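The values are calculated or read from the model by the stated rules, or taken from the named source; none is laboratory data. Values in this document were obtained by computation on a predicted structure and should not be read as measured data. So basically every Cβ, Gly included, is an ideal-geometry build from the backbone, and we count neighbours across all protein chains shown. Heavy atoms of the whole protein, side chains included, go into the accessibility calculation; ligands, DNA and RNA do not. Shrake-Rupley method; radii C 1.70, N 1.55, O 1.52, S 1.80 Å.
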Amino acid sequence: MKPSNEELFARAQARIPAGVNSPVRAFRAVGGAPRFFERASGAHLWDVEGRRYIDYVGSWGPMVAGHTHPRVVEAVQAAASRALSFGAPTVAEVEMAELLCRLVPSLELVRLVSSGTEATMTAIRLARGFTGRDLIVKFEGCYHGHADALLVKAGSGALTFGHPSSAGVPAQTAAHTLVLDYNDAAKVRALFGQHGAEIAGVIVEPVAGNMNLVLPAPGFLETLREQCTQHGAVLIFDEVMTGFRVAAGGAQARYGIRPDLTTLGKVIGGGLPVAAVGGRRDIMQCIAPLGPVYQAGTLSGNPVAVAAGLATLKLVDTPEFQPRIEATTRSLVAGLAAAAKRAGVTFASQSIGSMFGIYFRATPPTSFAEVMQCDAQRFNRFFQSMLAQGIYLAPSAYEAGFVSSAHDAADVEQTLVAANEAFGSAS
Ligand code: KE4
């Protein structure tokens, strides 16, 4: 008899903190036992109890071409049959660097790493090493991985230094990070007016996906670009999530803003550990062994992981990929809004590229404060009802959703039928 999700969760908690290897997977926000998956194909997952789910998490973004795409699996098997790792250069890494620089033209030089956290940690260090300054600016609600400098929440006054958002982060470290409100261009200008000469860099999710989906307000990204240019600070677009999701060339292509550095991840590994930091040549030339900013990684550019990423990016890099996946995502969010309206539930939804947000409030939030006004309890009831009907949404009201090129009209239709039922239970 196969163990149930609950039995496996109890067993997991005996030896793994909270039974998971990344906090959001523990279902603590939504309640109940997480699903233990054992196989996936296209838009679908199967858990250990044999239940099938339509997947709108996509491993938190990487699975843009759907699970176990034949071209990706084939590329991984071929690479693995030759070697699992060298710790030395390979032609695949050169191909990946050339492809990334073509798809994201602001990349003049690019370094591969193994996680988004490594990419953003390196970008911060590069900004500080290049400018000789210490202060970093980030925005409340944006998540850039778990490096100390980025686990910081807003100080008491809007323009005061940050405080740790995690135990184990020294106050002195957090004090070098200033936290502003996302989309508040006036505060950005005021901060630069006060500290411009001390700011090494600004890091931002150009489209926020870690406080649920929040779009940049008109002029916000332009203000970041203008202020960084004016004061000699490094503008870092953290496109770990938005890269190849919001548009083929990332949010920077969609909004026409050229950052100085970009971090990428998720999609560029196709489900295996690949991330990247890249951008202006004069900044990237500061990185070891060319320059004084140290960075390294045993498995950086791992040939099997890069094979998965290259195969995935080649599927994305076709004229019909983005329009088709955007159309599927738009039809999903429109259908959800219509179902909520029929049920008389206060609800909003929006999408950009193949990312979407659903909110139990009347309009899509435009700030972290507005996100906090969403009815999280209603979301949790909606989530549980959808899960019971075989629809796997992100287990948190503060995460974005993801559609893949494998999702088809039948998947959307099944999702909307389940939503009719779920909106009834969410009311
Ligand atoms: P990783 O270190 O988890 O590969 O990447 C960190 C990261 C950096 N920047 C952005 C914009 C990100 O969204 C992430 C990671 N995203 C979360 C999803 N909210 C990963 C899921 C998790 O933490 O388990």
- Query: Can you name every residue in the stretch 20-39 that is within 29 Å of Arg378 (Cβ to Cβ) and away from the ligand (no atom under 14 Å from the Cβ)?
  - Reply: Val30, Gly31, Gly32, Ala33, Arg35, Phe36, Phe37
- Quick check: anything in the stretch 222-241 free of Cβ contacts under 8 Å to residues at least 12 places away in the same chain, away from the ligand (no atom under 16 Å from the Cβ) and in a helix (DSSP H, G or I)? yes
- Note on the structure: With criteria (1) in a loop (DSSP other than H, G, I, E, B); (2) without any contact (Cβ under 8 Å) to a residue 60 or more places away in the chain; (3) within 16 Å of the ligand (Cβ to nearest atom), Asn210 comes up short on (2)
- Filter the stretch 40-70 down to residues that are open to solvent by less than 10 Å² (accessible area, probe 1.4 Å), on the phi > 0 side of the Ramachandran plot and within 16 Å of the ligand (Cβ to nearest atom), then give me how many there are. 2
- Could you say which residue among Gly155, Gly168 is assigned to a loop (DSSP other than H, G, I, E, B) and in contact with a strand residue (DSSP E or B) (Cβ under 6 Å, 6 or more places away or on another chain)? Gly155
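If you go through the stretch 70-82 one residue at a time, do you hit one that is without any contact (Cβ under 8 Å) to a residue 60 or more places away in the chain, of a type outside the set (Phe, Trp, Tyr) and assigned to a loop (DSSP other than H, G, I, E, B)? Walk me through how you get there before you give the answer.
Step one: filter the stretch 70-82 for residues without any contact (Cβ under 8 Å) to a residue 60 or more places away in the chain, giving 70, 73, 77, 81.
Filter again for of a type outside the set (Phe, Trp, Tyr), leaving 70, 73, 77, 81.
Narrowing further to those that are assigned to a loop (DSSP other than H, G, I, E, B): none.
Looking for residues that are without any contact (Cβ under 8 Å) to a residue 60 or more places away in the chain, of a type outside the set (Phe, Trp, Tyr) and assigned to a loop (DSSP other than H, G, I, E, B), one finds none in the stretch 70-82, hence no.
Does the stretch 368-427 hold any residues that are among the β-branched types (Val, Ile, Thr) and open to solvent by less than 40 Å² (accessible area, probe 1.4 Å), and which are they?
Initially, the stretch 368-427 is screened for residues among the β-branched types (Val, Ile, Thr), giving 371, 391, 403, 412, 415, 417.
Scanning the stretch 368-427 gives Val371, Ile391, Val403, Val412, Thr415.
Rundown of residues vs (1) more than 30 Å from Phe360 (Cβ to Cβ); (2) within 16 Å of the ligand (Cβ to nearest atom); (3) in the same structural domain as Ala127 (by TED's automatic domain parsing), yes/no style:
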{"position": "Phe139", "(1), (2), (3)": "no, yes, yes"}
{"position": "Asp148", "(1), (2), (3)": "yes, yes, yes"}
{"position": "Lys153", "(1), (2), (3)": "no, no, yes"}
{"position": "His163", "(1), (2), (3)": "no, no, yes"}
{"position": "Ala186", "(1), (2), (3)": "no, no, yes"}
{"position": "Leu191", "(1), (2), (3)": "yes, no, yes"}
{"position": "Ala197", "(1), (2), (3)": "yes, no, yes"}
{"position": "Pro216", "(1), (2), (3)": "no, yes, yes"}
- Task: Out of the residues in the stretch 123-133 that are in contact with a helix residue (DSSP H, G or I) (Cβ under 6 Å, 6 or more places away or on another chain) and open to solvent by 30 Å² or more (accessible area, probe 1.4 Å), state the one that is farthest from the ligand (Cβ to nearest atom).
- Result: Arg133
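Residues of the stretch 4-25 being closer than 17 Å to Glu49 by Cβ, open to solvent by 70 Å² or more (accessible area, probe 1.4 Å) and touching a residue at least 24 places away in the same chain (Cβ under 8 Å), which ones?
Residue satisfying the conditions is Glu6 alone.
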- Item | Close pairs from the stretch 335-360: first over 21 Å from Ala410 (Cα atoms), partner among the acidic types (Asp, Glu) and in a loop (DSSP other than H, G, I, E, B), Cβ under 7 Å, at least 6 apart | Phe360/Asp375
- Task: Output the number of residues of the stretch 309-336 satisfying the condition of being surrounded by fewer than 17 Cβ atoms within 10 Å (Cβ to Cβ) and more than 27 Å from His69 (Cα to Cα).
- Result: 1
- Item | Residue list for the stretch 326-370, filter: out of contact with any Cys (no Cβ under 9 Å at 6 or more places or on another chain), among the charged types (D, E, K, R) and closer than 21 Å to Tyr56 by Cα | Glu326, Arg330
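If I go through the stretch 381-417 residue by residue, how many of them are β-branched (Val, Ile, Thr) and part of a helix (DSSP H, G or I)? Explain how you work it out, then say what you get.
First, pick out the residues of the stretch 381-417 that are β-branched (Val, Ile, Thr): 391, 403, 412, 415, 417.
Then drop every residue that is not part of a helix (DSSP H, G or I), which leaves 412, 415, 417.
Number of matching residues: 3.
Hey, could you check the stretch 96-122 for residues that are in a loop (DSSP other than H, G, I, E, B) and within 16 Å of the ligand (Cβ to nearest atom) and say which is surrounded by the most Cβ atoms within 10 Å (Cβ to Cβ)? Before the answer, list the steps.
First, pick out the residues of the stretch 96-122 that are in a loop (DSSP other than H, G, I, E, B): 104-108, 114-115.
If we keep only those that are within 16 Å of the ligand (Cβ to nearest atom) as well, we get 104, 114-115.
Values: Val104: 25, Ser114: 20, Ser115: 18.
For the stretch 96-122, the residue satisfying everything is Val104.
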